[in-house]
Amino acid sequence: MTPTATLFVKPGKERSLLRRHPWLYAGAIDRIDGRPASGDLVRVASPDGRFLAWAAFSPASSLRARAWSFREQERPDEAWLRGRITESVARRAALSARTDAVRLVFGEADRLPGLIVDRYDGQLVVQLMAAGVEAWREAIVDALVAATGCADVYERSDAASREREGLAPREGVLRGRAPQAPVPVTEDGVRYLVDVLRGHKTGFYIDQRDNRRLVASLAQGKRLLNCFCYTGGFTLAALRAGAAEAVSVDSSADALAAGRAQQDLNGLRAPSDWVQADVFEILRALHAQGRQFDLIVLDPPKFAPSVQHLERASRAYKQLSLAALRLLAPEGRLFTFSCSGAMSVELFQKVVAGAVFDAQVDAQMLGRLQAGEDHPVAMTHPEGEYLKGLMLRRI
Ligand code: SAH
């Protein structure tokens, strides 16, 4: 690819690029030498013309360019792109011993801004969410097929992210056939059915793999309450590990039906209720009934899509943790999560501490939880960290 322009940054605005942060906002650009089109390769330079980065240009977005590379001799072309994709896929190789549901490419963290690729057995699901990767969609899909040997590639790009980049929504088959039915995968010995066409995200919460394993490791003989269960990932992992009973709550009837079907698929017979309800309400109702649980998972949807929503989101996270703590048996454990990127680990811990205080219980923090290693965070791009959780023990 030949660069079509040079973007000169304003004096003082080269700092973050020199520190290898991959985003260049419109306000940091002084002038553009050339007339780049959406997705074009551009050279980013300091006010005096020194090389800073090779980047993809995105005229519609306030995030005007995303860096591909910070080395002048590493000018992106198709061979380079194939290399980055092959490396990302290779990084996940060890996970195949545990699972065939893996995130193969995670955007900025894998130095491929805007690209997400998940693998469910032989099915790839791709999200192209920035102008740069959109311009290279064919080359990207070819490279993915070559690196994985998967013949079936489906696109599930998030429409809102594409809109911010001035791109039309896209969904559908990219290579091979569309999945005719949910794709079966096996993770740590549990079978799941992933609805690639209609499920959340690309069909499954791959990011919670290690936390499912953690909950399972503690589940033998225990009573589990799984709130915001979706298709029941935590429930199935716990039941397979010998949980005595499970109550799984979600507002979506379809998600619950999928959860129940997966329980049957795995031949898991322990008492298990799949309850369609509002979690905020059912936590109160269970408390009124005097119910207690040994393990409680709270994994709600993103309450804070941006920093403007943090205050309201904090109240909701606090309310949930507070209500869950009251249902926890002595020595029971709470796994409470936030997938809001705008909420820092520190703030989330403060919010949960407030819930412990208001619940008037004593609790220990046993660990901080995060997404699995196929969802890495670039050290220069902390914005990529979104999933955070705490494991508490009530004493
Ligand atoms: N824990 C899940 C993922 C949760 S996604 C997993 O590991 O797979 C969030 C879920 O919360 C969605 O399934 C959504 O249907 C549900 N949800 C959102 N608001 C809710 C509410 N107020 N009460 C119950 N469920 C809710």
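The values are calculated or read from the model by the stated rules, or taken from the named source; none is laboratory data. All values reported here derive from a predicted model rather than from experimental measurement. FYI the Cβ positions are ideal-geometry reconstructions off the backbone, even for glycines, and counts take in every protein chain you see. Just the protein is used for accessible areas: all its heavy atoms, side chains included, with ligands, DNA and RNA removed. Shrake-Rupley method; radii C 1.70, N 1.55, O 1.52, S 1.80 Å.
Quick notes on this one:
- Solvent exposure of the stretch 1-133, expressed per residue, is 42 Å² of accessible area, with all protein chains present and a 1.4 angstrom probe.
- Restricting the trypsin sites (Lys or Arg not before Pro) of the stretch 56-109 to loop positions (DSSP other than H, G, I, E, B) with no more than 10 neighbouring Cβ atoms within 10 Å leaves Arg71.
- In sequence order, calculated HN-Hα J values of the stretch 189-200 (Karplus, 6.51, -1.76, 1.60; Hz; x Gly/Pro): x, 9, 8, 10, 10, 9, 8, 5, 6, 10, x, 5
- Accessible surface of the chain, 1.4 Å probe, proportion on carbon and sulfur as whole %: 49
- Among Gly176, Gly199, Gly372: highest mean-square fluctuation, GNM of the chain, C-alpha pairs under 10 Å: Gly176
- Residue-wise HN-Hα couplings along the stretch 329-338, as the Karplus relation 6.51 cos²θ - 1.76 cosθ + 1.60 with θ = phi - 60° gives them from phi, are 5, x, 6, x, 10, 10, 10, 10, 10, 9 Hz; Gly and Pro carry x.
- Using distinct alpha-carbon pairs, which all enter the 1/r mean, Kirkwood radius of the chain in Å: 22.4
- Shape of the stretch 249-395, Cα gyration tensor, a/c cut at 1.5: oblate
- Overall form of the stretch 5-69 per C-alpha gyration tensor (a/c, 1.5; a/b vs b/c): rounded
- Residue-averaged 222 nm ellipticity for the chain, from DSSP H runs of 4+ at -39500 (n - 2.57), nearest 500: -8500 deg cm²/dmol
- Check: the chain dipole with +1 on Lys, Arg Cβ and -1 on Asp, Glu Cβ, in debye: 620
- The spacing between the stretch 277-336 and the stretch 3-24, judged by their C-alpha centroids, is 43 Å.
- Candidates Leu224, Leu327, Leu347, ranked by Gaussian network fluctuation over the chain, Cα under 10 Å, top entry: Leu347
- Here the 3J(HN,Hα) profile of the stretch 26-37, calculated from phi with Karplus coefficients 6.51, -1.76 and 1.60 at θ = phi - 60°, is 4, x, 8, 8, 7, 7, 10, 9, x, 10, x, 8 Hz, Gly and Pro shown as x.
- Loop-located trypsin sites (Lys or Arg not before Pro) in the stretch 165-211 whose Cβ has at most 12 other Cβ within 10 Å (DSSP): Arg177, Arg198
- Label point at Met379 placed 7 Å out along Cα→Cβ; residues across the stretch 85-111 whose backbone nitrogen lies under 16 Å: 109-111
- For the stretch 254-319, trypsin sites (Lys or Arg not before Pro) meeting the loop criterion (DSSP other than H, G, I, E, B) and having at most 10 other Cβ atoms within 10 Å: Arg269.
- Per residue value of the accessible surface for the stretch 205-394 (all protein chains in place, 1.4 Å probe), Å²: 44
- Principal-axis analysis of the Cα atoms of the chain puts helix 253-265 at an angle of about 70° to the longest axis.
- Those lysines that a straight Cα-Cα span of less than 22 Å connects to Lys350, excepting residues fewer than 8 apart in one chain: Lys302, Lys318, Lys388
- Distance in nm between pseudo-label sites at Ala178 and Arg315 (7 Å out along the Cβ direction from Cα): 4.2
- Scaled radius of gyration (Cα, divided by 2.2 N^0.38 Å) that the stretch 253-311 gives: 1.47
- Prolate/oblate/rounded call for the stretch 78-175, Cα gyration tensor, a/c under 1.5 rounded: prolate
- Around the Cα centre of the stretch 78-175, unit charges on the Cβ atoms of Lys, Arg, Asp and Glu (plus for the first two, minus for the last two) sum to a dipole of about 260 debye.
- Each residue, Ala79 and Arg198, gets one label point 7 Å from its Cα in the Cβ direction; the gap between the two is 4.7 nm.
- Cut-off of 10 Å, at most 15 other beta carbons, DSSP loop: longest stretch of the chain lacking such GluC sites (Glu not before Pro): 75-372
- What the Cβ-Cβ distance of Arg284 and Ala151 gives, at R0 = 56 Å and to the nearest 0.05, is a FRET efficiency of 0.65.
- With respect to the chain, whose longest principal axis is taken over its alpha-carbon atoms, helix 345-359 is tilted by about 20°.
- Helix 279-288 and the long axis of the chain differ in direction by around 20°, with both axes built from C-alpha atoms.
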